[in-house]
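A short write-up of the structure that comes next.
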Amino acid sequence: MRPARLTCVLAILALFLAGCAGGPRKNVFPPRASIQQLAQQADGSWKLQLRLQNFSSVPMGFAKVEAKIEIAGSEAGSVSVSPAIRVGPESADLFEASLRPTSAAAAKVAALHGDSSVRYKLSGRIVTTDPAGDYPYSFESQLSPVPGMDGVLR
């Protein structure tokens, strides 16, 4: 009877080990960029805090972000940056970029006050390393003035 028990225990152990052979599943999904904050500078430029979102189940290195920015339907300009940051799985991180906006976009942002908001659109591409990828993206949302912080939108 003992050899039968030993065989049964070894068979169960082999099944458990076989279940672990593949390791955790690695799901890689396209990342996304959005504007976390826009701050108007004294020289007329904008300081942007861009949020990079990693929806994958693995960490992702961000090598390049290119974005064309529209504010209320008007082209505001574009940014091309190399953030060289690594974002953990299903997480996000911020990095900064500067932009000299078009006069039409600058006027629309400067006219905001109180509880008003403005729609924006980012479109471009995100290049990642480890895992390597080149992802086109488009994202739309809105920005509103931050109470007590003149020239800052979130």
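The values are calculated or read from the model by the stated rules, or taken from the named source; none is laboratory data. These numbers were taken from a predicted model, which means no experiment stands behind them. Note that we place each Cβ from the backbone using ideal geometry, even for glycine, and neighbour counts take in every protein chain shown.
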| request: Give the residue that is farthest from the chain's Cα centre (by Cα), with candidates limited to residues of segment 82-100 that are surrounded by fewer than 17 Cβ atoms within 10 Å (Cβ to Cβ) and among the aliphatic types (A, V, I, L, M). | output: Ala84
| task | Run Arg100 past the list (1) out of contact with any Gly (no Cβ under 6 Å at 6 or more places or on another chain); (2) basic (Lys, Arg); (3) within 30 Å of Pro24 (Cβ to Cβ); (4) free of Cβ contacts under 8 Å to residues at least 60 places away in the same chain and report the number of the one that doesn't hold. | result | (3)
| request: Would you point out the residue of segment 38-58, among those that are touching a Phe, Trp or Tyr at 6+ places or on another chain (Cβ under 8 Å) and in a strand (DSSP E or B), that is farthest from Ser82 (Cα to Cα)? | output: Gln40
| message | Whether any residue in segment 75-85 is under 18 Å from Gln40 (Cβ atoms) and of a type in the set (A, V, I, L, M, F, W, C) is what I want to check. | response | yes
| field | Ser123, sole failed condition from (1) assigned to a strand (DSSP E or B); (2) touching a helix residue (DSSP H, G or I) at 6+ places or on another chain (Cβ under 9 Å) | value | (2)
| message | Among the numbered criteria (1) among the acidic types (Asp, Glu); (2) closer than 25 Å to Val28 by Cβ; (3) modelled with pLDDT under 95, which one does Asp150 miss? | response | (2)
| query | Mind checking whether some residue in segment 92-112 is over 12 Å from Leu50 (Cβ atoms) and part of a strand (DSSP E or B)? | reply | no
| query | Restricting segment 101-116 to residues that are farther than 12 Å from Gly44 by Cβ and surrounded by 15 or more Cβ atoms within 10 Å (Cβ to Cβ), which is modelled with the highest pLDDT? | reply | Lys108
| field | Considering residues of segment 1-57 that are of a type in the set (Phe, Trp, Tyr) and either modelled with pLDDT under 95 or in contact with a Lys or Arg (Cβ under 9 Å, 6 or more places away or on another chain) (or both) only, the residue surrounded by the most Cβ atoms within 10 Å (Cβ to Cβ) | value | Trp46
